[in-house]
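S.K.: What follows is a structure written as structure tokens; I'll ask about it next.
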Amino acid sequence: MVLFAPPSCPRLVVKIGSALLVDRDGGVRRAWLVGIVADIAARQRAGQQVVIVSSGAIALGARRLSLAKGGRASLEDAQAAAAVGQIALSQIWAETLGAEGITAAQMLVTLGDLEDRRRYLNAAATLDRLLSLGVVPVINENDSVATAEIRFGDNDRLAARVAQAAGAQGVVLLSDVDGLYDRNPALPDAAHIARVERIDAAIEAMADRGSASGMGSGGMVSKIAAARIANAAGAHLAIASGRVDRPLSGGERHTLFVAEKSASARKAWLAGGLTAQGRVTVDAGAVAALAAGKSLLAAGATAVEGDFARGDLVTIEGPDGPIARGLAEYDAADTALLLGTRSDEQAALLGYAPRAALVHRSHMAML
């Protein structure tokens, strides 16, 4: 059975890790690449639109510049390697896709391009138009300008956000592992997890933070984070091994994270946000109210952190951890003034008529 077969998945995002595309000496694994492009071409002929999120620029650039530690010894080295390697990476994809009669497009994005609502909508429109024209977009983070504060840091979460922007129904993270295990897969008694219906604390505890190849920046923790984002947007996500020829054409073992019922586009964007400007802590009563579809009222808020303005994205956290994200109706200072207050007390504290909530349910997404 082919994973995310075209009839049931009109749009698919495929993320390819550095270790699959680039060997340990910094060269391209061309035979493998030709195979996966053949898979993509077959899917496109069957009517599926495919987006590629491709790692590998830093690894390729580091070889050409003879940089130590695969180009990751410093931020400056990584940015220089990315600038050189991205040209090579785009050329490789254009050549191999072109050999199958497919036009490739390059899109380089930063965290801000998908976190800012207007820029996100622009990226989504570009993706939609490219796919409608039969083009295969090849996307990577713009590592030549991104810094630690403004980057995804791994292409797993980038792939999930791209899937959200593209309106994809499925995401495949091709990596050097064939899915999630209940403990480190190197241990002899590790058990493979084939299907995850809900990501909870037990699932997160299984994650191994390491990257087996040493070239990538994401381990299982980043893949589970990506699954959260994709599932919240209504897309199923699979972690599958790319250590086989033609990994998209067969039924190789994998872990499938099953999507929730798709949220509205705006709420999916909120739920997938990675750069909240602050945090509002709430009590158990407020947790129950939010779960029932209510807005966040000041009476249930107990603490506030961060320096945010009205309209900024904030995380709402209960006694057991984060429960929602939403757009703040007040800045941080006024939110702090209102903690624990009733609506009839708020005008005197603020000096102006209060709003209906700290975070309105229309601008909130549950996690």
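S.K.: Please enumerate the residues belonging to the range 183-206 that are closer than 15 Å to Arg228 by Cβ, in a loop (DSSP other than H, G, I, E, B) and open to solvent by less than 80 Å² (accessible area, probe 1.4 Å).
M.R.: Selection gives Ile199, Asp200, Met206.
S.K.: For residues that are in contact (Cβ under 8 Å) with a residue 40 or more places away in the chain and hydrophobic (A, V, I, L, M, F, W, C), tally how many sit in the range 336-367.
M.R.: 10
S.K.: Continuing with the same structure: On the given criteria, is Val177 in the same structural domain as Leu67 (by the TED database), modelled with pLDDT of 90 or more and over 28 Å from Asp320 (Cα atoms)?
M.R.: In short, no.
S.K.: Here is a follow-up. Suppose we filter Arg342, Arg325, Arg310 for residues that are charged (D, E, K, R) and in contact with a Phe, Trp or Tyr (Cβ under 7 Å, 6 or more places away or on another chain); which single one remains?
M.R.: So the residue among Arg342, Arg325, Arg310 that is charged (D, E, K, R) and in contact with a Phe, Trp or Tyr (Cβ under 7 Å, 6 or more places away or on another chain) is Arg310.
S.K.: Another question, if that's okay. Considering each of Arg24, Arg64, Arg45 in turn, give the residue that is surrounded by fewer than 15 Cβ atoms within 10 Å (Cβ to Cβ) and modelled with pLDDT of 95 or more.
M.R.: Arg45 is the lone residue from the list that is surrounded by fewer than 15 Cβ atoms within 10 Å (Cβ to Cβ) and modelled with pLDDT of 95 or more.
S.K.: Oh, and also: Can you give me the number of residues within the range 283-335 that are within 27 Å of the chain's Cα centre (by Cα), without any contact (Cβ under 8 Å) to a residue 40 or more places away in the chain and in a strand (DSSP E or B)?
M.R.: Residues that pass the stated criteria total 7.
S.K.: Next question. Taking the condition of being open to solvent by 50 Å² or more (accessible area, probe 1.4 Å) and in contact with a helix residue (DSSP H, G or I) (Cβ under 8 Å, 6 or more places away or on another chain), how many residues in the range 70-81 meet it?
M.R.: Residues flagged as open to solvent by 50 Å² or more (accessible area, probe 1.4 Å) and in contact with a helix residue (DSSP H, G or I) (Cβ under 8 Å, 6 or more places away or on another chain) within the range 70-81 amount to 2.
S.K.: Further question on the same structure: What residue, among those in the range 111-131 that are out of contact with any Lys or Arg (no Cβ under 6 Å at 6 or more places or on another chain) and surrounded by 19 or more Cβ atoms within 10 Å (Cβ to Cβ), is nearest to His363 (Cα to Cα)?
M.R.: This residue is Glu115.
S.K.: Read through the list (1) more than 19 Å from the chain's Cα centre (by Cα); (2) of a type in the set (A, V, I, L, M, F, W, C); (3) over 23 Å from Ala230 (Cα atoms), then give the number of the only condition that Ile36 fails.
M.R.: Evaluating Ile36 over (1) more than 19 Å from the chain's Cα centre (by Cα); (2) of a type in the set (A, V, I, L, M, F, W, C); (3) over 23 Å from Ala230 (Cα atoms) leaves (3) as the failure.
S.K.: How many residues does the range 300-319 hold that are more than 25 Å from Gln164 (Cβ to Cβ) and open to solvent by less than 60 Å² (accessible area, probe 1.4 Å)?
M.R.: Looking only at that region, the number is 4.
S.K.: Taking interchain pairs and intrachain pairs at least six residues apart, which have beta carbon atoms under 9 angstrom, with the first residue in the range 77-100 and of a type in the set (Phe, Trp, Tyr) and the second open to solvent by 20 Å² or more (accessible area, probe 1.4 Å)?
M.R.: Note: pairs meeting the criteria are Trp93/Ala104; Trp93/Gln106.
S.K.: If Pro185 satisfies all but one of (1) modelled with pLDDT under 90; (2) over 28 Å from Met364 (Cβ atoms); (3) touching a helix residue (DSSP H, G or I) at 6+ places or on another chain (Cβ under 7 Å), what's the number of the condition it fails?
M.R.: (3)
S.K.: Do we find a residue being crowded, with 16+ Cβ neighbours inside 10 Å, in a loop (DSSP other than H, G, I, E, B) and modelled with pLDDT of 90 or more anywhere in the range 132-152?
M.R.: Yes.
S.K.: Does Ala353 meet the test of being surrounded by 15 or more Cβ atoms within 10 Å (Cβ to Cβ) and either at pLDDT below 90 or not in a loop (DSSP other than H, G, I, E, B) (or both)?
M.R.: no
S.K.: May I pose another question? Could you check Met364 against (1) open to solvent by less than 50 Å² (accessible area, probe 1.4 Å); (2) in contact with a helix residue (DSSP H, G or I) (Cβ under 8 Å, 6 or more places away or on another chain); (3) farther than 23 Å from Ala292 by Cβ and say which number it fails?
M.R.: (3)
The values are calculated or read from the model by the stated rules, or taken from the named source; none is laboratory data. Computed from a predicted structure; not experimentally measured. All Cβ positions, glycine included, derive from the backbone under ideal geometry; neighbour counts span all protein chains shown. Accessible surface is based on the protein model in full, side chains and every heavy atom, while ligands, DNA and RNA are left aside. Shrake-Rupley method; radii C 1.70, N 1.55, O 1.52, S 1.80 Å.
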